[in-house]
Amino acid sequence: MEQGMQSASALVVDDEPDIRELLELTLGRMGIETVSAPDLDSARRILERRTFGLCLTDMRLPDGNGIELVKLIQRLHPQTPVAVITAYGSMESAIEALKAGAFDFVSKPVDLGVLRNLVSTALQLSTRPARDRRSRDQLLGESQVMRTVRGRIAKLARSQAPVYISGESGTGKELVARLIHDKGPRADRPFIPVNCGAIPAELMESEFFGHRKGSFTGAVSDKEGLFQAANGGTLFLDEVAELPLHMQVKLLRAIQEKAVRPVGSQKEQPVDVRILSATHKDLARLVRENAFRQDLYYRINVIELKVPALRERLGDIPQLADHFLGQIASRWGMSAPHLSEAAMEALKRYRFPGNVRELENILERAMTLCEGMVIQVEDLQLPEEDEEETVPDESPTGEHSLEDYLEHREKEAILRALEQTRYNKTAAAKLLGISFRALRYRLKKLGID
């Protein structure tokens with residue numbers, strides 16, 4: 001009997017006596033009290049009298065369907081997770097149920113291992129002490145759009161539905177994914193983030209699904225993949241648009257079958273993983289251009305959560321700026337400076353193509369350049385508006401190219417100044433027009449001895 005389930009209860013709704021009996025027997029062995037109903041009307045009458053820790057319902061009922069029951073329970077008992085049992089291969093029905101608010105789904109014929117994992121995860125929501133679901137201290141901002149995002153995170157944390165997190169680079173998509181994981185029933189299990197664009201195509205299958213010793217040259221031992229590492233927890237597929245088409249097929253199968261086959265193995269391994277994904281690209285456009293599989297798109301994009309760009313919530317800049325300045329100062333072992341009124345206004349006027357990540361970089365640079373404890377407009381070194389619209393010819397291209405390019409040019413300038421002053425740092429700082437403190441921090445950041 002699993003710990004914490006002795007007092008748990010479940011409502012089972014199915015018109016097939018054999019299925020009801022199987023579910024009752026399985027849940028009973030887990031120490032869960034079960035009440036059964038053969039149709040929607042019977043379930044409705046039971047739900048008017050009492051609450052349950054979980055509801056399992058067939059999608060097809062004699063007098064309705066499982067989605068109607070999902071909506072009913074959301075209205076009467078919103079804290080009760082509902083899992084829907086769907087016909088084999090009926091992925092459309094499963095996705096429809098998840099969109100309607102179902103906690104998860106299980107396909108017929110019911111795999112008892114999958115069912116037990118689902119039940120255990122669902123009951124975490126109702127049997128463990130309530131978690132602090134506030135994310136205000138981690139996902140900063142009191143603008144209405146950020147309040148809405150935080151509210152949706154709290155709601156999505158209670159589901160197992162795949163979530164597609166969309167938004168521009170630097171908006172904080174991985175932070176949102178971590179919060180969905182941390183505030184849900186899988187919080188005590190692994191959160192495994194993977195940048196899909198950083199894995200070489202020829203190693204991708206092995207990285208995701210693992211491999212057996214001797215399955216290819218260099219496979220000197222068995223290795224578990226990312227799915228196995230995330231078992232029981234969450235797998236966050238960042239930059240999912242970068243997956244090659246051949247890998248998209250394999251990923252789709254792993255998600256649908258809830259099982260993976262390591263390279264070189266003849267057997268599939270069951271995995272219990274929640275999938276969250278993100279990209280800064282327009283995934284719907286890539287589907288239209290046949291660069292991303294439509295079936296995988298619909299499978300990972302059951303629910304979309306858009307993270308707003310910083311220019312859509314400029315009122316949050318003062319709070320974000322205070323937070324970042326405090327963090328940087330703590331890291332550097334110094335007191336945090338503050339922004340002059342003019343500097344703050346300049347930040348509010350800036351468009352922030354790099355979003356929150358760019359704001360943090362701007363403030364870190366400004367702290368190295370400012371004299372005293374007040375950051376002035378000139379310390380921010382914000383690009384002019386006309387410069388913002390164009391890219392210098394000599395600048396490379398790519399997602400992080402501008403940041404890399406500027407850092408490279410800065411390093412070159414510092415090294416030139418050091419050479420001209422025979423590595424007299426005080427003289428080099430004067431030549432560069434920055435304080436000695438600023439030079440010292442730039443040397444540390446850029447890794448210059």
Modelled with pLDDT of 90 or more, touching an Asp or Glu at 6+ places or on another chain (Cβ under 6 Å) and part of a helix (DSSP H, G or I): is that true of Leu175 in this structure?
no
Enumerate the pairs (first residue in the range 24-35 and in a helix (DSSP H, G or I); second residue anywhere and β-branched (Val, Ile, Thr)) with beta-carbon separation below 7 Å, excluding pairs fewer than 6 apart on the same chain, so at least 6 apart or on different chains.
Glu24/Val12; Glu24/Thr34; Leu27/Thr34; Leu27/Val119; Gly28/Thr34
Only unsatisfied item for Arg50, checking (1) under 33 Å from the mean Cα position of the chain (by Cα); (2) part of a loop (DSSP other than H, G, I, E, B), is (1)
Conditions: (1) farther than 16 Å from Gly101 by Cβ; (2) surrounded by fewer than 18 Cβ atoms within 10 Å (Cβ to Cβ); (3) at pLDDT below 90; (4) in contact with a Ser or Thr (Cβ under 7 Å, 6 or more places away or on another chain). Ala8 meets all but one. Number of the miss?
(2)
Among the residues of the range 321-335, how many are small (Gly, Ala, Ser) and closer than 15 Å to Leu369 by Cβ?
1
Would you be able to say whether some residue in the range 94-104 is at pLDDT below 90, charged (D, E, K, R) and crowded, with 20+ Cβ neighbours inside 10 Å?
yes
Can you pull out every residue in the range 168-190 that is touching a His at 6+ places or on another chain (Cβ under 7 Å) and either surrounded by 20 or more Cβ atoms within 10 Å (Cβ to Cβ) or farther than 18 Å from Asp104 by Cβ (or both)?
Glu168, Ser169
So, in the range 80-115, exactly how many residues are basic (Lys, Arg) and outside any loop (DSSP other than H, G, I, E, B)?
1
I'm trying to understand the selection: among the residues of the range 191-211, which are buried (at least 17 other Cβ atoms within 10 Å of the Cβ) and not aromatic (Phe, Trp, Tyr)?
Ile192, Pro193, Val194, Cys196, Ile199, Met204, Glu205, Ser206, Glu207, Gly210, His211
Could you look through the range 65-93, keep only residues that are closer than 15 Å to Asp14 by Cβ, touching a helix residue (DSSP H, G or I) at 6+ places or on another chain (Cβ under 7 Å) and of a type outside the set (A, V, I, L, M), and pick out the one that is surrounded by the most Cβ atoms within 10 Å (Cβ to Cβ)?
Gly66
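The values are calculated or read from the model by the stated rules, or taken from the named source; none is laboratory data. What you are looking at is a predicted structure, and each value in this text was computed from that prediction instead of being measured. Neighbour counts run over all protein chains shown; Cβ positions are idealised from the backbone, glycine included.
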